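Note sheet for the following structure.
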Amino acid sequence: MRLGLLGGSFDPVHYGHLLLGECCRVACRLEQVWFLPAAQPPHKVRPLGASGPQRAEMLEMAVADHPAFHVCRLELERGGVSYTAETLAAIRSQVPSAELFLLLGADMLADLPTWREPREICRLATPVVARRAGTPEPNFEPLTKLLPQPEVDRIRNHLVDMPPVGYSST
């Protein structure tokens with residue numbers, strides 16, 4: 001199974017999240033996309049507005065009519081700070097035959113080298129970078145200090161263009 005994983009605070013979930021999931025699903029021929037609300041995102045300094053269960057419920061309502069979209073509460077059930085490498089390892093153990101794809105907005109790509117265990121993240125899942133229409137191509141240069149060039153090229157080959165959306169969570 002080709003499985004896309006889209007993590008975030010989803011506080012609140014919005015159309016841009018769903019569009020990113022759908023654009024990546026189509027472009028990468030993903031069978032499912034799991035939305036993973038974070039218990040506590042490591043990069044958010046302000047407290048979240050909605051509780052974890054409330055954010056998961058909003059997500060479940062938002063994805064209810066899409067047969068390939070699902071909400072995974074793994075990070076909420078684990079609690080504490082949500083680290084992508086730990087989440088990917090847990091999903092890998094739950095679904096060992098799945099080919100994992102980590103869905104990222106282009107704005108998150110620059111931060112990937114600063115995440116906990118970025119090499120392990122790239123080993124466990126193929127990062128898929130979604131770029132908003134009208135924005136420049138993401139800067140892959142920081143990844144060259146972290147990963148061998150073939151790995152950087154693999155990520156570059158998973159660049160997905162999205163149609164324009166008038167808002168973002170950042």
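The numbers here are math on the coordinates, done by the rules we state, and not lab data. These figures come from a predicted structure and were not determined experimentally. Because the Cβ atoms are built from the backbone with ideal geometry, glycine has one as well, and the counts that use them run over all protein chains shown.
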TODO: With Cα extents along the principal axes in Å defined as stated, name the option among (1) 41, 35, 34; (2) 48, 47, 28; (3) 50, 42, 31 computed from the structure displayed.
DONE: (1)
Open item on the list: Amide H of residue 130 versus every other amide H placed in the peptide plane: which residues, excluding those fewer than 5 positions away on the same chain, fall under 5 Å?
Closed with: 104, 105, 106, 160
TODO: Among 69, 101, 140, determine the one that fluctuates most according to a GNM of the chain built with springs between C-alpha atoms less than 10 Å apart.
DONE: 140
Task: segment 98-165: trypsin sites (Lys or Arg not before Pro) in DSSP loop, at most 15 other beta carbons within 10 Å - done: 116, 145
Open item on the list: Residue by residue through segment 51-64, what is 3J(HN,Hα) from phi via Karplus (6.51 cos²θ - 1.76 cosθ + 1.60, θ = phi - 60°)? Round to whole Hz and write x for glycine and proline.
Closed with: 6, x, x, 5, 5, 5, 5, 4, 4, 4, 5, 5, 9, 3
Open item on the list: Please compute the modelled spin-label separation between residue 2 and residue 68, points set 7 Å along Cα→Cβ, answer in nm with one decimal.
Closed with: 0.8 nm
Open item on the list: Quick query: amide H of residue 99 versus all other amide H atoms, modeled in the peptide plane; which residues come in under 5 Å with a sequence gap of 5 or more or a different chain?
Closed with: 2, 3
TODO: Within the set of other residues whose C-beta is less than 15 Å from the C-beta of residue 27, count the net charge using Lys and Arg as +1 and Asp and Glu as -1.
DONE: +3
Task: Residue-by-residue Karplus 3J(HN,Hα) for segment 20-25, coefficients 6.51, -1.76, 1.60, Hz, glycine and proline x - done: 4, x, 6, 4, 5, 4
Task: Mean-position separation - Cα centroids, segment 112-140 and segment 1-51, in angstrom - done: 14 Å
Open item on the list: Show me, for segment 146-151, the HN-Hα J-couplings you get by feeding each phi into the Karplus relation (A = 6.51, B = -1.76, C = 1.60, θ = phi - 60°), rounded to Hz, glycine and proline as x.
Closed with: 9, 10, x, 3, x, 5
TODO: Hey, can you grab everything whose amide H is under 5 Å from the amide H of residue 39? Only 5+ residues off in sequence or another chain; H modelled, so Pro and N-termini drop out.
DONE: 76, 82
Open item on the list: About the Cα centre, and with charges only on the beta carbon of Lys, Arg (+1) and Asp, Glu (-1), how big is the dipole of the chain? Nearest 20 debye, please.
Closed with: 200 debye
Open item on the list: Among 30-39, 106-115, 80-89, how do they line up by average Cβ neighbours within 10 Å per residue, starting with the highest?
Closed with: 30-39, 80-89, 106-115
